[in-house]
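Data first, discussion second: the structure below is written as structure tokens.
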Amino acid sequence: MERSFAWFERARRVLPGGVNSPVRAYRAVGLTPRFIAKADGAYIWDADGRKYIDYVCSWGPMILGHNHPVIREAVERAAADGLSFGAPTWREVEIAERMVRMVPNIEMVRMVNSGTEAVMSALRLARGATGREKIIKFEGCYHGHSDCMLVKAGSSAMAGGCPSSAGVPSGTAKDTLTARYNDLDSVRELFEEFPGEIACVIVEPVAANMGVVGPQPGFLEGLRTLCDKEGALLLFDEVITGFRLARGGAQEYFGVRADLVAFGKIIGGGMPVGAYCGSRALMEQVAPCGPVYQAGTLAGNPVAMAAGLAQLQYLEEHPDVYAVISARADKLASGMRQMADSTGIGVQINQVGSLVAPFFTPDRVDTFEGASRSDLTKYAAYFSGMLERGIYLAPAQFEAMFLSAAHTDSDVEETLSAVQSVFSALYPSEIQSLQNH
């Protein structure tokens, strides 16, 4: 790993922590990050030329795999006409039309540049439309790094032991109320404590920034009922689940209606993109139609729109992709679960669709508290062992594994072989004791 080490030494002189996003620093796993040189299909290669089976998939958007020819060719055609205009283009109209067609309950779309920006803007719209200021979020759910969302956040903020952030004004955070994921009573209590003050409830339909924690039966439905009763809006943060669980995202997958939806990553096919969406009545509260201001020079960037349009068109025209990816995720998750159960080593394997996560705890994980009981030292050792065996995972316990259409059955089998080897190295006494009996 000489080249990665050398690049990291140079990076630390000019980039905070040597990275441009905290989780990439590998501090949660105690290693030096691998600098990536290229990617194709289900694989990535580091600066030293080593190949890995990739389960990060750029944190989710590569649902078709890296460097998919349909997307690459669309980007090349768009780039030939120019990289940025700061003016309307036909592609942003077509991608919005396609999103409205694919996603239930949305009629209008506003493009932005990232998931963080999409959430921040959707929250402003919720406050502007309701005339209320408070919002409810959930412990361990990550919604980007805008000030009001860095309260008991998940993702790398959680893995780094810093679920909040310095520099967030107390006045900004005071209107962010925190409930417990999968606990409707905690939400109900906040509505009772602050009657008529809550603009919206924001939730990851699948909490994929504390590992992978799915909604318990009735949880999302209960949020919909509470919001209707209290006159608040329900905002689904689908930066991870959007167009990944199903063509229509979590609303289609779970059959629950959201008032606003925030998207990111996947609608750019790998390019920087975000969007927030909702009914015409809500979205026409946004400037220039209404009083809620939001703008961006690079919003609807023609190259990013070309990539996203190509990916969404492929997903809409090939609905079988979802069944194929989910089946491979089933195979991976059930294989890992079988290994854990048969050896009695106390590892939980959670899966929703093409999202998978192991938790190094003997207890079931369906809450933030349960996820927090994971053994981070064990995960770090597991990560290191898998990396040595050519399997590229998220360098933090509280992230998801993402499968893509490019992953094959043989990739999954190779991964399971690596898992078995690493489990045996991590839990030799437990496995030996079981074998003796």
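The values are calculated or read from the model by the stated rules, or taken from the named source; none is laboratory data. Treat the numbers as computed from the prediction; the structure is a model and nothing was measured. Here Cβ is always computed from backbone atoms with ideal geometry, including for glycine, and neighbour counts include all displayed protein chains. Protein only, heavy atoms only, side chains kept; ligands, DNA and RNA dropped before computing areas. Shrake-Rupley method; radii C 1.70, N 1.55, O 1.52, S 1.80 Å.
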Rounded to the nearest 10 Å², the accessible area of K331 using a 1.4 Å probe with every protein chain kept is 70 Å²
For a quick protection proxy, order the peptides 380-387, 272-279, 16-23 by their average other-Cβ count within 10 Å, most packed first.
272-279, 380-387, 16-23
Not counting ligands, DNA or RNA, and with a 1.4 Å probe, what is S424's accessible surface area in Å² rounded to the nearest 10?
60 Å²
Between A37 and V70, with labels modelled 7 Å along Cα→Cβ, what's the label distance in nm to one decimal, could you check?
3.0 nm
Percent antiparallel among DSSP beta bridges confined to the chain, nearest 5, equals 60 percent
Taking the alpha-carbon centroid of each part, what is the distance from region 329-407 to region 253-278 in angstrom?
26 Å
Crossing angle, helix 90-102 versus the chain [Cα axis fit, 0-90 degrees, rounded to tens]
80 degrees
Just G390, G290, G264 to compare: in a GNM of the chain, with alpha carbon springs under 10 Å, which one fluctuates most?
G290
Tell me the label-point distance for the pair R12, L376, using the 7 Å Cα-to-Cβ offset, in nm and rounded to one decimal.
1.9 nm
Label zone at N20 (point 7 Å along Cα-to-Cβ), backbone N below 19 Å, region 289-314:
297-305, 307-308
How large is the charge dipole for the chain, taken about the Cα centre, if only the Cβ atoms of Lys, Arg (+1) and Asp, Glu (-1) carry charge, to the nearest 20 debye?
860 debye
Report the label-to-label distance for E97 and D185 in nanometres (one decimal), using points 7 Å from each Cα along the Cα→Cβ vector.
5.1 nm
Pick from G255, G211, G353: which residue has the top mean-square fluctuation in a GNM of the chain where Cα pairs under 10 Å get a spring?
G255
Within region 194-222, whose backbone N sits under 11 Å from a point 7 Å along Cα→Cβ of K229?
222
Give K134/K265; K134/K229; K137/K174 a once-over and call out the pairs whose C-alpha atoms are over 20 Å from each other.
K134/K265
If you count only protein heavy atoms with a 1.4 Å probe, what accessible area per residue comes out for region 17-123, rounded to a whole Å²?
46 Å²
